[in-house]
């Protein structure tokens, strides 16, 4: 099983290119989403590699990730819940839990101990310095029409060093939804210059009359410079 989650996969998985859907989920809090203490873990997905294969082999199997069936029970929610209590910041499990909620049209699908957003909230509480958690949470919030909250997570992710094509594309979408077209355009230029393949953000900006082509470096260099005043030297 791959340990790293493609950021392009992250961008597409949450459907940010098609805009917001549904309403905000129930309020979450440290109390409502339960303690992080767990019988096994909690472990950090990024560093606790010794324990990771054990959980993935027994719980995060292909049928679970594909939401076909559970591995240790009838429903995949139980195995996703176990994985996310052992590894709260496991990106594939977080995204699968979100998709499971969408598939079942339930804020708390069968087998899940907590509401879907609680797993994101718990991951954030567990490792505030994990930029992938911030981006996944931001994608969830943006889909639920909570752009300002999404932006806060994305801005935090940027301070952690995120600046790739997918990051710029998604933060550009959030800025577009917040009608900050100048920043949306800036991040669109950044995303496409870094090779992002989907035209969604560009098309949105064009439709809103806010798209302009980026200025090329050679065009800047070719701009007529002001004449240099001749300085006469004494004889």
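Computed from the coordinates by the stated procedures, all read-outs in this text should not be read as laboratory data. Please read all numbers here as calculations on a predicted model, not as lab measurements. A quick note on method: Cβ atoms are made from the backbone with ideal geometry, for glycine too, and the neighbour counts reach across all protein chains shown.
Suppose R0 equals 35 Å. What FRET efficiency, 1/(1 + (r/R0)^6) with r the Cβ-Cβ distance, do residue 54 and residue 207 give to the nearest 0.05?
0.10
How large is the translational diffusion coefficient of segment 32-148 in µm² per second when you combine the Kirkwood radius over alpha carbon pairs with Stokes-Einstein at 4 °C and 1.567 mPa s?
D, rounded to a whole number, is 92 µm²/s.
Quick one: 128, 155, 56, fewest Cβ neighbours within 10 Å first, how do they rank? Each step should come with its number before you reach the end.
Working: 128 11, 155 14, 56 20.
Ranking 128, 155, 56 by Cβ neighbours within 10 Å, fewest first, gives 128, 155, 56.
Label residue 183 and residue 106 with points 7 Å out from Cα along Cα→Cβ: what is the distance between them in nm?
3.8 nm
Sort out for me the Cα centre separation of segment 81-110 from segment 136-207, rounded to whole Å.
24 Å
Viscosity 0.890 mPa s, temperature 25 °C: give me the Stokes-Einstein translational D for segment 69-118 in µm²/s, with Rh taken as the Kirkwood radius over C-alpha pairs.
This corresponds to a translational diffusion coefficient of 236 µm²/s.
What are the semi-axes of the equivalent ellipsoid of segment 81-182, taken as the square roots of 5 times the eigenvalues of the Cα gyration tensor, listed largest first and rounded to whole Å?
Working: eigenvalues 117, 51, 20 Å².
Taking √(5λ) for each eigenvalue gives 24, 16, 10 Å, largest first.
Rg/Rh for segment 166-207: what does it come to with C-alpha atoms and Rh from Kirkwood?
Taking Rh as the inverse mean 1/r over Cα pairs, Rg/Rh reads 0.91.
Under the 0.36 nm per residue contour assumption, what length would be gained going from the current alpha-carbon distance of residue 37 and residue 72 to full extension?
Using 0.36 nm per residue and subtracting the Cα-Cα distance, I get 10.4 nm.
To make sure I understand, if each residue's beta carbon is the centre and we count other beta carbons within 10 Å, what order do 169, 175 fall in, fewest to most?
Values: 169 26, 175 22.
Ascending number of Cβ neighbours within 10 Å: 175, 169.
In which sequence would 98, 136 go, from the one with the fewest C-beta neighbours within 10 Å to the one with the most?
98, 136
Work out, step by step, the length gained on full extension between residue 27 and residue 62: first 0.36 nm times the residue separation, then minus their alpha carbon distance; give nm to one decimal.
Extending this stretch completely gives an extra 9.5 nm.
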